[in-house]
Amino acid sequence: LFLSLSLKPRARQAYTLFLEKKLKNPQVNLKLATLEFELGNHQRVVDLLKVVPESLLVDEHISMMLAESNFALKSYSPVIGLTARIIATNPQQIRAVELAALSLEKSGDLTKAARMFETFLSFSKTDKHREYSFHLGELFEKLGSRDLAVARYAHNISAYPSDVRNYERLATIYIEAKDWRSASGVLEKALALPGVQPSLRKELAQSYAQQ
């Protein structure tokens with residue numbers, strides 16, 4: 001009744017009192033968890049949903065709420081399981097893909113994290129695409145996948161030409177491989193951008209000298 005009247009604080013009090021009396025109703029847990037989630041009380045959300053039957057947790061909204069709360073609590077293993085289930089039924093759930101990618105990386109599974117970031121980047125552009133696209137290049141480097149890192153940074157230079165970080169990383173890879181001609185080409189493009197670091201000019205001079 002309180003919820004239908006948009007009296008959320010009263011509804012929260014009523015649901016809390018119900019549970020404090022040791023009464024049981026999974027729907028009360030679900031509704032109270034939703035209210036607690038809106039207030040950012042993530043541990044409370046997790047605790048409330050622990051006793052809810054699994055059959056009631058398959059709802060995408062509830063699963064996402066639980067995944068978000070676990071992620072906020074830095075409990076990444078449950079997030080991986082929850083998002084896998086969500087993505088299996090709704091592959092277009094971009095936030096689930098993002099949480100999966102971040103949680104996999106936090107858990108140390110860089111290979112699966114990279115694949116999930118690639119999936120995220122396959123969706124229509126968001127304000128997070130530029131950052132994750134650069135980060136994917138970093139992941140490829142950590143995985144020792146030089147060719148994939150080179151391809152990613154080269155793509156980023158075309159897609160986000162003002163982001164100097166991609167030029168810097170790509171040039172560094174070429175310099176480490178002693179591919180001076182390729183390094184020079186990247187650095188020349190970088191130096192055409194406004195406000196780049198003077199150190200790039202020094203790297204370009206060194207690359208010229210090595211050719």
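What pairs can you find where one residue is in region 131-154 and at positive phi and assigned to a helix (DSSP H, G or I), the other is open to solvent by 60 Å² or more (accessible area, probe 1.4 Å) and of a type outside the set (Lys, Arg), and their Cβ atoms are less than 8 Å apart, with a gap of 6+ or different chains?
none
So VAL52 passes all but one of these: (1) open to solvent by less than 80 Å² (accessible area, probe 1.4 Å); (2) assigned to a helix (DSSP H, G or I); (3) in contact with a helix residue (DSSP H, G or I) (Cβ under 6 Å, 6 or more places away or on another chain). Which condition number does it fail?
That leaves (2) as the condition not met.
Quick one: in region 163-195, of everything that is of a type in the set (Val, Ile, Thr) and buried (at least 17 other Cβ atoms within 10 Å of the Cβ), which residue is nearest to ASP147 (Cα to Cα)?
Let us first name the residues in region 163-195 that are of a type in the set (Val, Ile, Thr), namely 164, 172-173, 175, 186.
Next cut, buried (at least 17 other Cβ atoms within 10 Å of the Cβ) only: 164, 173, 175, 186.
Working: VAL164: 20, ILE173: 10, ILE175: 14, VAL186: 16 Å.
This residue is ILE173.
Among the numbered criteria (1) of a type in the set (D, E, K, R); (2) open to solvent by 30 Å² or more (accessible area, probe 1.4 Å); (3) touching a residue at least 24 places away in the same chain (Cβ under 8 Å), which one does ARG115 miss?
Failed condition: (3).
From (1) farther than 16 Å from ARG95 by Cβ; (2) open to solvent by 90 Å² or more (accessible area, probe 1.4 Å); (3) of a type outside the set (A, V, I, L, M, F, W, C); (4) touching a helix residue (DSSP H, G or I) at 6+ places or on another chain (Cβ under 9 Å), pick out the condition that doesn't hold for GLN27.
Only one criterion is unmet by GLN27, namely (2).
The values are calculated or read from the model by the stated rules, or taken from the named source; none is laboratory data. As the structure is a computational prediction, the values presented were derived from the model and not from experiment. No Cβ is skipped: glycine too gets one built from the backbone with ideal geometry, and neighbour counts run over all protein chains shown. Side chains included, ligands, DNA and RNA excluded: accessible areas come from the protein's heavy atoms. Shrake-Rupley method; radii C 1.70, N 1.55, O 1.52, S 1.80 Å.
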